[in-house]
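Asks: The structure under discussion is supplied below as structure tokens; questions concerning it will follow.
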Amino acid sequence: MATPISSVSLTMKCFLYAYFLCLCLLFSLEKGYALEGRKIAESHHSHFIEVSSLLPPASCKPSTKVLSNNDNKASLKVVHKHGPCSKLSLNEASAAPTHTEILLQDQSRVKSIHSRLSNSKTSGGKDVKVTDSTTIPAKDGSTVGSGNYIVTVGLGTPKKDLSLIFDTGSDITWTQCQPCARSCYKQKEQIFDPSQSTSYTNISCSSSICNSLTSATGNTPGCASSTCVYGIQYGDSSFSVGFFGTEKLTLTSTDEFNNFYFGCGQNNQGLFGGSAGLLGLGRDKLSLVSQTAQKYNKIFSYCLPSSSSSTGFLTFGGSASKNAKFTPLSTISAGPSFYGLDFTGISVGGKKLAISASVFSTAGAIIDSGTVITRLPPPAYSALRASFRNLMSKYPMTKALSILDTCYDFSNYTTISVPKIGFSFSSGIEVDIDATGILYASSISQVCLAFAGNSDATDVFIFGNVQQKTLEVFYDGSAGKVGFAPGGCS
């Protein structure tokens, strides 16, 4: 019997309706997956940050990483000199500089590095008259001495513990010494007294090692009572002048070095934040790295803490983390003691910026533990700033903070989304900057992009310490390479 037409129509309508529902469901699922994929992609290329975490806690929150020492390595705790984890900051809250002062000091350091490199390219700069520090010209010296991070080492016999700023941009290690013949600034610990140490020895003016001071300090050494005199001037008019000697250096209970060359400062002035002096980690033969090369093979690494309220480490010797990515070290001809790097690009929010490789090669680049804010070649900074501002356009901007010109007011937000930033190197690796290394906050209502541009295209690109936060930075001087691994402090 034939099926009535009305029944066929009804069956077909039901089928078509069901098919339509299936298509709608499929479409909505596909749309959902696409949206979810986009959310994942967005989170993959962005950092989601709690606004309250942008400012450091008032109390010390030390890293959970256990520092181990063995026959092959020695590890020291790193603290920010003005943070609550530093003994230098105790009872000295009033001495901590403002953010504007920190950035101005940083600009002085950067100008000093640029001046030092340009002077080396041309005339080689002037010599410092080490016998009379008042004549030292502010522009003709090494980098500024007001670095952020300190470690504690032992000096002398018996050992005296001293808190020293560590600096990859400096070579000579020095500390203030009694009797402070001319001047000593205020430091937290007792000033080192070489007359109370059985292992201290002066270096004579006729010694060949005395002449090595020229490359380590940029200044010709002096002579006083047949004793070699060093002098080093920093970009903020800080300086140290004194006797050049040898002493026993103690890094850990098992790692001690006799006859370590260092400066015993008799005339010292400047912004050293209560520290006892400076630990030079540059590439010159008088640096700590070179003087301990027989044991550590010019290998050292550090992790700078996520905030001034946490701790990191400085390790000599050892091996890199398994997930470290390496790129070759290069040499800046005008400043061979700096650690040079070959940058090739920058990415923002997962997209590589359209910057010619010649922009980076023209300037050259160094990595520096003492410079706070990364300084980019002008075209690179312009491209970074434009991309960052575009991706951050939903947030209200506010006034600039010193050298930082891209600042936001997050006072009406509890969480924010910040585009990831990555650096590309000649070896083909890309290193992502940690979330704590992208922004610099003076307050919740003034949080700035933590990068700045150089004034000239030929000024060296400086990879600063804010952008190095929480990365394990592994220097292998003997192999001529440097590695980066995320999450280094934990």
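The values are calculated or read from the model by the stated rules, or taken from the named source; none is laboratory data. What you are looking at is a predicted structure, and each value in this text was computed from that prediction instead of being measured. Cβ placement follows ideal geometry from the backbone for every residue including glycine, while neighbour counts extend to all protein chains displayed. The area values use the complete protein model at the heavy-atom level, side chains included, leaving out ligands, DNA and RNA. Shrake-Rupley method; radii C 1.70, N 1.55, O 1.52, S 1.80 Å.
Asks: Highest mean first, how do 267-275, 292-300 rank when packing is the count of other Cβ atoms within 10 Å averaged over residues?
Replies: Per-residue mean Cβ counts within 10 Å order the peptides as 267-275, 292-300.
Asks: When the scattering of the range 387-490 is computed by the Debye formula from its Cα atoms alone, each counted once and equally, what is log10 I(q)/I(0) at q = 0.24 Å⁻¹?
Replies: Values, matching the q order: -1.40.
Asks: Something else about it: Mind ranking 50-56, 360-366 by how tightly packed they are, going by the mean number of other C-beta atoms within 10 angstrom, highest first?
Replies: So the peptides 50-56, 360-366, ranked by packing, come out 360-366, 50-56.
Asks: What's the Cα-based Rg to Rh of the range 163-310, Rh via Kirkwood?
Replies: 0.95
Asks: Please calculate how many Å² of accessible area the range 170-298 carries per residue, with a 1.4 Å probe and no DNA, RNA or ligand atoms counted.
Replies: Per-residue accessible area for the range 170-298 comes out at 37 Å².
Asks: Return the carbon/sulfur percentage of the accessible area of the range 147-210, one whole number, probe 1.4 Å, all protein chains in place.
Replies: Carbon-and-sulfur percentage of accessible area, whole number: 49.
Asks: For every other residue with a beta carbon closer than 11 angstrom to the beta carbon of Gly317, add +1 if it is Lys or Arg and -1 if Asp or Glu, then tell me the sum.
Replies: Around Gly317, the surrounding residues sum to 0.
Asks: Something else now. Kindly provide the chymotrypsin sites (Phe, Trp or Tyr not before Pro) of the range 381-411 that DSSP labels as loop, not H, G, I, E or B, and whose Cβ sees at most 12 other Cβ atoms within 10 Å.
Replies: Numbers: sites: Tyr381, Phe388, Tyr408, Phe410; in loops: Phe410.
Filter output for the range 381-411: empty list.
Asks: Please compute the net charge surrounding Gly280, taking Lys and Arg as +1 and Asp and Glu as -1 over other residues with Cβ under 12 Å from its Cβ.
Replies: On the way: positive: Arg283, Lys285; negative: Asp167, Asp171, Asp284.
Cβ neighbours under 12 Å give a net charge of -1.
Asks: Here is a further query. Taking the alpha-carbon set of the range 292-333, what are its Rg and Dmax in Å?
Replies: When restricted to Cα atoms, the range 292-333 yields Rg and Dmax of 13.2, 38 Å.
Asks: May I pose another question? Order the peptides 195-208, 150-163 from the highest to the lowest mean number of other Cβ atoms within 10 Å of their residues.
Replies: Values: 195-208: 13.9, 150-163: 19.9.
The peptides rank, most packed first, as 150-163, 195-208.
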